[in-house]
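One structure is given below, encoded as structure tokens.
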Amino acid sequence: MSAARAFELGREISPAEQASHLGELVAAVRARTALEPRVGLVLGSGLGGLADEMQVEMAIPFGDLPGWPPATAPGHAGRLLFGRLAGVPAVIQQGRFHLYEGHSAGFVVQPVLLMGLLGAGIVVLTNAAGGVNPAFGAGTLMVIHDHLNLTGRHPLIGSNDPAIGERFPDMTRVWDPDLGARLLTASEVENVPLASGVYACLTGPSYETPAEVRMLATLGADAVGMSTVPEAIAAHWAGMRVCGISLVTNPGAGITGAQLSHAEVLAAADAAGPRLARVIARFVAEL
Ligand code: HPA
């Protein structure tokens with residue numbers, strides 16, 4: 001066997017190159033677990049608590065997988081968990097890769113593409129976000145019904161692999177309406193209020209200026225963050241069904257005049273995380 005693929009920060013990965021990377025990743029996972037997930041879940045900043053709801057059969061640190069580094073962002077554990085969530089075979093990505101860490105868009109999306117190859121037809125993306133809609137204060141949960149990719153980056157740039165997805169994939173329904181409706185139903189059953197809105201993705205790592213938050217509102221955004229959209233685009237391209245929830249941890253910059261801090265974001269995510277976990281566990285149970 002050849003040496004494991006080394007991690008190279010920022011290396012661009014075209015769609016056509018994904019298959020060989022993903023083949024190695026699938027082999028590495030399959031050497032450790034035969035579990036076939038039906039659903040994949042990506043947990044954002046401070047939302048790792050959903051993992052406590054899972055009956056974990058196998059935990060694989062990112063650094064054990066070919067071409068992957070240990071996660072570095074504070075609040076991100078950095079492992080894949082395989083097991084059962086509400087009785088349903090599932091994989092959880094606890095911690096994620098971000099553009100602001102210097103990762104390429106093609107790299108950021110490898111975890112969701114891997115989940116798809118392992119069997120997950122559905123991916124649930126979660127994130128911590130700033131509220132752009134003035135009605136969305138700290139603690140608001142928002143099902144994502146559409147997005148704005150304002151990163152200037154795109155995971156599908158470069159030679160395409162038509163065996164995975166189309167060169168020009170349609171994005172009319174990247175956020176699956178049926179899954180979105182199921183999330184809303186799950187929230188009603190759990191008696192957890194769930195708003196709905198448009199998530200805007202910027203690269204970060206700085207938070208926005210007040211003028212940028214006003215611009216985002218004008219553009220139709222309800223929440224803003226630094227993740228999720230590359231994964232949604234790539235998963236949809238690859239034929240997976242995508243849904244997601246933003247946990248608003250703070251009003252966007254300038255809305256209240258308060259300064260933003262990562263500590264505040266993590267504290268708000270910790271406080272609301274259990275509510276989000278209940279909604280997602282209920283959603284998965286009813287799949
Ligand atoms: N902006 C961008 N990302 C965020 C924010 C924010 O206000 N809060 C949590 N993640």
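Based only on Cα atoms, what Rg/Rh ratio does the range 1-151 have, Rh being taken as Kirkwood's radius?
Result for the range 1-151 is an Rg/Rh of 0.97.
Just to confirm the number: angle between the C-alpha axis of helix 210-219 and the first principal axis of the chain, 0 to 90 degrees, nearest 10?
80
For every helix of n ≥ 4 consecutive DSSP H residues, a contribution of -39,500 (n - 2.57) applies; sum these over the chain, divide by its total residues, and give [θ] at 222 nm rounded to the nearest 500 deg cm²/dmol.
Calculated at 222 nm, the ellipticity per residue is -9000 deg cm²/dmol.
What's the angle, to the nearest 10 degrees (0 to 90), between helix 177-189's Cα axis and the longest principal axis of the chain?
The angle comes out near 60 degrees.
How high is the relative contact order of the range 135-287, given as a whole-number percent (alpha carbon pairs under 8 Å, six or more residues apart)?
Result for the range 135-287 is 38 percent.
Mean-square fluctuation check for the chain, GNM, Cα pairs under 10 Å: which of 64, 222, 146 is largest?
64
Calculate one ³J(HN,Hα) per residue across the range 41-52 by plugging θ = phi - 60° into the Karplus curve 6.51 cos²θ - 1.76 cosθ + 1.60, and present them in order as whole Hz with x for glycine and proline.
Listing the rounded values in order: 10, 10, 9, x, 3, x, 9, x, x, 4, 4, 5 Hz.
Where in the chain lies the longest segment free of trypsin sites (Lys or Arg not before Pro) that are both loop residues by DSSP (not H, G, I, E, B) and have at most 14 other Cβ atoms within 10 Å?
12-166
Could you work out the local net charge near residue 144, counting Lys and Arg as +1, Asp and Glu as -1, over the other residues with Cβ closer than 12 Å to its Cβ?
Value of the local net charge: -4.
Considering only C-alpha atoms, what is the centroid distance from the range 71-143 to the range 174-209, in Å?
After rounding, the separation between the Cα centres reads 13 Å.
Could you give me the percent of Cα pairs per 10 Å distance bin for the chain, shortest bin first, beginning at zero and ending with the bin that holds the maximum distance?
7, 31, 38, 20, 4, 0
Please compute, for the alpha-carbon atoms of the range 140-248, the extent along each of the three principal axes and give them in descending order in Å.
44, 37, 21
Kindly express, to the nearest 10 degrees and within the range 0 to 90, the angle between helix 15-30's C-alpha long axis and the longest C-alpha principal axis of the chain.
80
When DSSP assigns beta bridges and you keep just the ones with both residues in the range 104-239, what percent turn out antiparallel, to the nearest 5?
15
Laboratory data are not the source of any read-out in this text; all were calculated from the coordinates shown. Nothing here was measured: the structure is a model prediction, and the numbers come from that model. Neighbour counts run over all protein chains shown; Cβ positions are idealised from the backbone, glycine included.
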